[in-house]
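Since the structure comes first, as structure tokens, the remarks are kept for the end.
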Amino acid sequence: MNATRPGWFWGPYSRLGLRIAFGTFVIDQLHKWWMLLVYDIQNKGRVPVLPFMDLIYVKNTGISYSMLDQSTYAGQLMLSGFAVCASLALWIWLAKGGTNRVMAISLGLLIGGALGNAVDRVILGGVADFFSLHAYGYYWYVFNIADVAIVAGVLGLLYESIFMSRNDAANEL
């Protein structure tokens, strides 16, 4: 393989992306294991933590905000397969087109979060969510660490595409 052209599965920022994806996946799965098997959140109901945040167990059988609800195990396997395919596409993007550390970290967060939720779908039949934000009687979305990683990854890619690409373009002039 030519050192100047990255391959389909390994590029200059792949090691960083892999470390971030692996760390995200492990932290997410350890937290879920602890919440379900040690803390036993299923039997505690809603546990207030902060005036605006509670811990609660919700099994999400859809995607964000329970869209595309798939209550059957076959549906969960389909969503899991989609997450694995999306992670593979993100990995190829990182290997072939990764241009900086921000992109590598962002893609690693997306991959680790997607795979963490995919494993839940196979093992639990849905994604385990625990953090519930609320204020003034309004309750929003319940989420987990993988979801936080996915949102952070998207924000990182937006930052990279808006600000870093603009800086690169300005430096070329």
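Residues that are assigned to a loop (DSSP other than H, G, I, E, B) and either in contact (Cβ under 8 Å) with a residue 24 or more places away in the chain or over 22 Å from VAL127 (Cα atoms) (or both): does segment 83-92 have at least one?
Checked segment 83-92: no residue is assigned to a loop (DSSP other than H, G, I, E, B) and either in contact (Cβ under 8 Å) with a residue 24 or more places away in the chain or over 22 Å from VAL127 (Cα atoms) (or both).
Working only within segment 26-60, note down all residues that are under 13 Å from ASP129 (Cα atoms), β-branched (Val, Ile, Thr) and either more than 19 Å from the chain's Cα centre (by Cα) or part of a loop (DSSP other than H, G, I, E, B) (or both).
Those that are under 13 Å from ASP129 (Cα atoms), β-branched (Val, Ile, Thr) and either more than 19 Å from the chain's Cα centre (by Cα) or part of a loop (DSSP other than H, G, I, E, B) (or both): ILE41, ILE56.
Name the single residue that is nearest to PHE163 (Cα to Cα) among those in segment 65-83 being among the hydrophobic types (A, V, I, L, M, F, W, C) and touching a helix residue (DSSP H, G or I) at 6+ places or on another chain (Cβ under 6 Å).
Top of the filtered list is ALA83.
Would you be able to tell me the number of residues in segment 103-147 that are surrounded by fewer than 17 Cβ atoms within 10 Å (Cβ to Cβ) and hydrophobic (A, V, I, L, M, F, W, C)?
6
Go through segment 70-82 and report how many residues are surrounded by 13 or more Cβ atoms within 10 Å (Cβ to Cβ) and outside any helix (DSSP H, G or I).
The total comes to 1.
Read the figures in this text as sums done on the coordinates, not as results from a lab. All values derive from a computational prediction rather than experimental measurement. Positions of Cβ are backbone-derived with ideal geometry, glycine not excepted, and every protein chain shown enters the neighbour counts.
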